1. Evaluate the following for Gln38: is it at positive phi and at pLDDT 95 or above?
2. Please specify each residue of segment 18-49 satisfying the condition of being outside any helix (DSSP H, G or I) and either surrounded by 14 or more Cβ atoms within 10 Å (Cβ to Cβ) or touching a residue at least 60 places away in the same chain (Cβ under 8 Å) (or both).
3. Out of (1) touching a helix residue (DSSP H, G or I) at 6+ places or on another chain (Cβ under 8 Å); (2) loosely packed, with under 14 Cβ neighbours inside 10 Å, the odd one out for Thr15 is which?
Amino acid sequence: MNYEKMYHLLFNAITDALEQMEKQNLGNAKDLLTTAQQKAEEIYIESTN
């Protein structure tokens, strides 16, 4: 399981989303988090096969 890769992916997405939220770009923040969630899930699924 590549937890390090998932951690970095999610940490960076959260940081970027927080920056977008500070600028009141809530749609962009949501998109960043949704995409990161999907990518992390793909990494997880790939590592369990």
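1. No, not satisfied.
2. Asn25
3. The number of the failed condition is (1).
The values are calculated or read from the model by the stated rules, or taken from the named source; none is laboratory data. No experiment lies behind these values; they were computed from the predicted model shown. Cβ atoms come from the backbone with ideal geometry, glycine included; neighbour counts cover every protein chain shown.
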